């Protein structure tokens with residue numbers, strides 16, 4: 001029986017990811033163990049290369065699922081040549097994006113980030129260095145829907161007549177930890193995006209009505225939580 005190991009907000013913290021998966025008894029060689037990432041793989045931390053190399057092993061084994069997070073969107077925009085200098089500068093200053101840029105750039109050229117040729121070099125180098133991961137991250141959906149659970153990075157827009165129509169910006173940026181999920185939603189929503197310490201005074205998983213919040217604050221060096229669900233449970 002398949003077992004799903006659900007994490008979020010890794011933020012290039014490979015050591016924290018490894019500790020979390022070992023403690024959860026995740027077995028890289030077990031074909032029934034599937035890792036699910038609820039967004040935000042890179043940025044902030046300094047171990048992005050190790051994270052990507054590990055994830056590429058699982059991608060090749062077809063045992064990695066994920067949804068798009070706001071930080072994943074940053075690298076998507078580089079790969080699809082949709083980035084603009086203002087957003088890049090903002091993300092470097094406020095979102096730890098420099099660490100991801102360094103994966104595809106010579107550090108000495110970061111000072112010339114406003115030059116188009118440098119961005120193109122970063123894109124080509126990143127795709128060449130991480131071809132499997134680059135293709136995978138471009139394929140990420142906004143949410144994963146199962147029989148009893150839905151996984152998203154930020155939140156779903158329940159003001160719409162159909163939450164399936166949630167737009168990209170809402171799904172990857174909205175912070176729904178204070179939002180009540182309507183009774184018409186018959187599943188449980190699993191999401192990250194906001195470190196639990198910011199509203200619940202704990203890094204551990206928070207269970208609340210139809211919500212399961214799993215961001216353990218790895219971006220701040222705290223921890224990565226692993227929510228485990230079997231094929232029958234999910």
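Taken together, the values in this text are just the output of simple stated rules run on the coordinates, not laboratory data. Predicted model only: the values in this text are computed from it and were never measured. With ideal geometry, Cβ positions are generated from the backbone for all residues, glycine too; neighbour counts draw on all protein chains shown.
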Treat the chain as a sphere of radius equal to its Kirkwood radius over Cα pairs and apply Stokes-Einstein at 37 °C in a medium of 0.692 mPa s; give the translational diffusion coefficient in µm²/s, rounded to a whole number. 182 µm²/s
Per-residue counts of other Cβ atoms within 10 Å, averaged by peptide: what ranking do you get for 24-33, 54-63, 95-104, highest first? 95-104, 54-63, 24-33
Quick check: the angle from helix 70-79's long axis to the longest principal axis of the chain, C-alpha only, nearest 10 degrees? 40 degrees
Under the Debye formula (equal points on every Cα, no solvent term), log10 I(q)/I(0) of region 1-53 at q = 0.14, 0.20, 0.22 Å⁻¹: -0.35, -0.70, -0.82
So what is the relative contact order of the chain, in percent, for Cα pairs below 8 Å that sit 6 or more residues apart? 26 percent
Could you check the simple spin-label distance between residue 46 and residue 158, using points 7 Å along Cα→Cβ, in nm with one decimal? 4.2 nm
Percent of Cα pairs exceeding the 23 Å cut-off, where the set is region 104-234: 49 percent
Could you calculate the FRET efficiency of residue 147 with residue 23 from 1/(1 + (r/R0)^6), where r is the beta carbon distance between them and R0 is 41 Å, rounded to 0.05? 0.90
Taking a cut-off of 18 Å, what percent of all Cα-Cα pairs in region 186-234 are separated by more than that? 28 percent
Please report the antiparallel percentage of the DSSP beta bridges confined to the chain, to the nearest 5. 40 percent
Residue separation between residue 232 and residue 186 times 0.36 nm, minus their alpha-carbon distance, gives in nm 14.9 nm
So how tilted is helix 85-94 from the main axis of the chain? Cα-based, degrees 0 to 90, rounded to 10. 60 degrees
